[in-house]
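The values are calculated or read from the model by the stated rules, or taken from the named source; none is laboratory data. All values reported here derive from a predicted model rather than from experimental measurement. A quick note on method: Cβ atoms are made from the backbone with ideal geometry, for glycine too, and the neighbour counts reach across all protein chains shown.
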Amino acid sequence: MSKTWRPATQLVHGGTHRSQHGETSEAIFLTQGFVYDTAEAAEARFKGETDGYIYARYGSPTNDMFEKRMCMLEGAEEARATASGMAAVSAAILCQVKAGDHIVAARALFGSCRWVVETLAPKYGVECTLVDGRDLANWETAIRPNTKVFFMESPTNPTLEVIDIAGVAKLADQIGAKVVVDNVFATPLFQKPLELGAHIVVYSATKHIDGQGRCLGGVVLSDKKWVDENLQDYFRHTGPAMSPFNAWTLLKGIETLPLRVKQQTESAARIADFLADQNKIAKVIYPGRKDHPQADIVAKQMTGGSTLVCLELKGGKDAAFALQNALEVVKISNNLGDAKSLITHPATTTHKNLTDEARAELGISAGTLRLSAGIEDTDDLLEDFAQALSKVSS
Ligand SMILES: *Cc1c(COP(=O)(O)O)cnc(C)c1O
């Protein structure tokens, strides 16, 4: 397998392991276990003297193909596929901390990610400090002698804030801490956290990697040493393994990732520009636009805009609801990364559990909407927004 392949080629051929039948499409090995020719062979497999699978909770052939393909794309040595994005996030964080350790995390996190560091980790004696991750000085100030992990998403959900990954990685290296980046919003195509100095990357494969709204999945990627010393035993014994059927679905999904993300990003960029000119819109945040609050960091660490757009209606909740209800092509859903364009009102859905103050800190107002652009014809999406906006009273 060539490491010099470009992403679109890696995503079609990377990690493929054909059976004796020479099938074109990857096979699904929907098996829990594996048989051994002899008792001696079983003993050798368990001792680690021979290569091969033991039990699907540890690893299995279809999952292995998915993991190898993701490693190639990400430039990682090792990966573990998990049943959901949250299984990936919680495994990546919890496998490397113990009571008495400290985590610093950006406060702008996907709701469940925030729960893991803010509520779950402290139950086990792991302290957590949440910071406004946009300013590097906040990360530095939060460091304590026992800080072991830095955790962030960039761009963030839903307001598409951007964090200087290389800057945080430099701080972490000074104190021997590890940086975990949830790279869902950037996709593996537009941002390479490991190249920027992060140590561990996690994805919800549920989003762009499946890309067609079918199954949940996640993946943790890092170097071999970190996986061997931290994730390996945690993964085997706590059991967040992905179903081989889902690994197969995701292998099929990932083949078309570059095509879909290209189309979604082009649509998102055009919709962002269109909305920015409308008088019923207070503001548009889009990482590909020059007026993004951190356009300099976007330029430094991302090679593409985003498939997501954050917009704020001047008319608050009433206007935001009216716009959503008037859209015909764009569907109302809290998911993202799908082939179908989806729009959500964070204050009443994904971020409803936060206090008003916490939402305000994140820039989420009653008029904020998050759009995930799908792969429909861009002109149909633009016409849909135009007709829907005309129904919003100003
Ligand atoms: C969706 C999402 C997750 C959780 O993934 P699931 O597959 O739903 O468990 C984590 N982080 C981000 C940024 C997400 O968008």
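Before moving on, here are some points about what is shown:
- Single condition Tyr58 does not satisfy, out of (1) modelled with pLDDT of 95 or more; (2) at positive phi; (3) not hydrophobic (A, V, I, L, M, F, W, C): (2)
- Single match in Ala299, Ala268 (criterion: part of a helix (DSSP H, G or I) and touching a strand residue (DSSP E or B) at 6+ places or on another chain (Cβ under 7 Å)): Ala268
- Here the condition is being surrounded by fewer than 19 Cβ atoms within 10 Å (Cβ to Cβ), under 21 Å from Thr378 (Cα atoms) and either in the same structural domain as Asp318 (by TED's automatic domain parsing) or within 16 Å of the ligand (Cβ to nearest atom) (or both); of Phe185, Phe274, Phe190, it holds for Phe274 alone.
- Matching residues in the stretch 132-148 - criterion: being surrounded by 16 or more Cβ atoms within 10 Å (Cβ to Cβ), part of a loop (DSSP other than H, G, I, E, B) and not aliphatic (A, V, I, L, M): Gly133, Arg134
- Counting only helices (runs of 4 or more DSSP H) wholly contained in the stretch 30-114, the ones carrying 1 or more residues that are under 30 Å from Glu357 (Cβ atoms) occupy 85-94.
- Taken together, Ala205, Ala241, Ala198 contain a single residue that is within 16 Å of the ligand (Cβ to nearest atom), under 17 Å from Met302 (Cα atoms) and either free of Cβ contacts under 8 Å to residues at least 40 places away in the same chain or in contact with a Ser or Thr (Cβ under 9 Å, 6 or more places away or on another chain) (or both), which is Ala198.
- The set of residues from the stretch 101-119 being out of contact with any Lys or Arg (no Cβ under 8 Å at 6 or more places or on another chain) and of a type in the set (Val, Ile, Thr) comprises Val104, Val116, Val117, Thr119.
- Some residue of the stretch 102-119 being farther than 16 Å from Val184 by Cβ, of a type in the set (S, T, N, Q), within 16 Å of the ligand (Cβ to nearest atom) and assigned by TED's automatic domain parsing to the domain that holds Val201: yes
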